[in-house]
Amino acid sequence: MKSRAAVAFAAGEPLKIVEIDVAPPKAGEVLVRITHTGVCHTDAFTLSGEDPEGLFPVVLGHEGAGIVVEVGEGVTSVAPGDHVIPLYTAECGQCLFCTSGKTNLCTAVRATQGKGVMPDGTSRFSYEGQPLYHYMGCSTFSEYTVVAEVSLAKVNPEANPEHVCLLGCGVTTGIGAVHNTAKVQEGDSVAVFGLGGIGLAVIQGARQAKAGRIIAIDTNPSKFEMAKRFGATDCVNPKDFDQPIQQVIVEMTGWGVDHSFECIGNVQVMRAALECAHRGWGQSVIIGVAGAGQEISTRPFQLVTGRKWMGTAFGGVKGRSQLPGMVEDAMRGEIELAPFVTHTMPLDGINEAFDLMHEGKSIRSVVHY
Ligand code: NAD
Ligand code: AHE
Ligand code: ZN
């Protein structure tokens, strides 16, 4: 079938809106009509050419909501008409990782997903006869996409797709990082580096956990108003200080914070986030994604003296078993999604979403088909 899509033909170039061909779903696969998709910084990261797994030409997008159109042979957990959120972290329920009870990092389709193809090693997308790569197992920048059954969460059809698409990545990642990865407790102090969709969701999660002090840090002070609205108690612009930001946070708190979160993808800030964690027990969670060749470093003494360095993917959330409940939470107002959607546009305007992100003017742009 034909589908309107925003295709990344080459790194660093704007997406092109074209009509692509989408082949029917094979066994274990599902054809989904995407109605809405958020634009996450990770899409921009891969488009920039910095992603070691980046492949072109590709249909990007991984923060979507849609409706099942057709299922392939053997698919039983979803049916045409079901409302779904595609998952870049699948949940097969059977692999070593799913059954461990320790992680959400399912391996069922991860290897082929990273190669931009479906589990059988081929693509369902083509343009003018040439194959296009899939992205993160989702490719939500095409109106019609094919995903593995294990990469779909079935959600309440009454939910607003313009909002719950954000549970496909940003908001779930930030909130999950607080509850599943850091396990923030009542009264704990928190520092959040980077106040985009991810950092603001961390702040929302920290407030849910009844954290005490929530320090929001960004070099763009226009982000502070929203951070306060979500529960930040202090807002800090590193540009206002001569000392390194970790020293500023340690001085503000006495010994550092109980939990810090890096939500930028900058390895220098990852170091600062670790070094502003409390001596003896403070922990720092890396959420940001850093480019090819980047490495983190600190003095080992920082860990010897009790700090813990951690990371999280999709906030540790198991998509098929936990995302439907998070959608219900959002419908009850226990997870706030609307304030994240600062801009909406039709598919034709998707490059504007990337511009707004780079200019620091948006939190989330949501594209509708
Ligand atoms: P965003 O671009 O919307 O927000 C980033 C924020 O960081 C901006 O407000 C920017 O002003 C701020 N910033 C930039 N440099 C800074 C600095 N030196 N000090 C302080 N603030 C600075 O991005 P986003 O969509 O919120 O994503 C954030 C990061 O999280 C990205 O790296 C993205 O790839 C990653 N991510 C990871 C996961 C995961 O599962 N681990 C999921 C989603 C996104
Ligand atoms: N492909 C990159 C890494 C990209 C990355 O870390 N992705 C995050 C999700 S970002 C969502 O916006 C993630 O979940 N990673 C775990 C996984 O299995 O992909 C690289 O460095 O190769
Ligand atoms: Zn994302």
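Looking for whichever is touching a Leu at 6+ places or on another chain (Cβ under 7 Å) and either without any contact (Cβ under 8 Å) to a residue 12 or more places away in the chain or under 23 Å from G196 (Cα atoms) (or both) here; the options are M326, M310. Which one fits? Answer to the check: M326.
Residue pairs whose Cβ atoms lie under 7 Å apart, separated by 6 or more positions or on different chains, with the first residue in the range 83-104 and within 11 Å of V317 (Cα to Cα) and the second part of a strand (DSSP E or B) and within 15 Å of ligand 2 (Cβ to nearest atom), are A90/A148. Residues that are within 16 Å of ligand 1 (Cβ to nearest atom) and without any contact (Cβ under 8 Å) to a residue 60 or more places away in the chain within the range 49-82 comprise G49, G54, listed in sequence order.
In the range 346-366, the residues that are of a type in the set (F, W, Y) form Cβ pairs under 7 Å with partners that are assigned to a helix (DSSP H, G or I), at six or more places apart or across chains, as follows: F354/A44. Residues to consider are A79, A90; find the one that is within 16 Å of ligand 3 (Cβ to nearest atom), small (G, A, S), assigned to a loop (DSSP other than H, G, I, E, B) and over 27 Å from H343 (Cα atoms). Every option except A90 fails the conditions. Candidates in the range 1-39 are the residues that are within 16 Å of ligand 3 (Cβ to nearest atom) and closer than 21 Å to H83 by Cα; of these, the one that is farthest from the chain's Cα centre (by Cα) is I34.
What do you reckon, is V58 in contact with a His (Cβ under 8 Å, 6 or more places away or on another chain), over 21 Å from E162 (Cα atoms), surrounded by 24 or more Cβ atoms within 10 Å (Cβ to Cβ) and not basic (K, R)? Judged against the criteria, V58 is a match.
Regarding A27, is this residue of a type in the set (A, V, I, L, M) and either assigned to a strand (DSSP E or B) or within 16 Å of ligand 2 (Cβ to nearest atom) (or both)? No: the conditions fail for A27. Annotation note: of G199, G129, the sole residue that is within 16 Å of ligand 3 (Cβ to nearest atom) and among the small types (G, A, S) is G199.
Of all the listed residues (G137, G114, G197), the sole one being within 20 Å of L47 (Cα to Cα), surrounded by fewer than 21 Cβ atoms within 10 Å (Cβ to Cβ), within 14 Å of ligand 2 (Cβ to nearest atom) and modelled with pLDDT of 95 or more is G114.
The values are calculated or read from the model by the stated rules, or taken from the named source; none is laboratory data. These figures come from a predicted structure and were not determined experimentally. Every residue, glycine among them, receives a Cβ derived from its backbone with ideal geometry; neighbour counts consider all protein chains shown.
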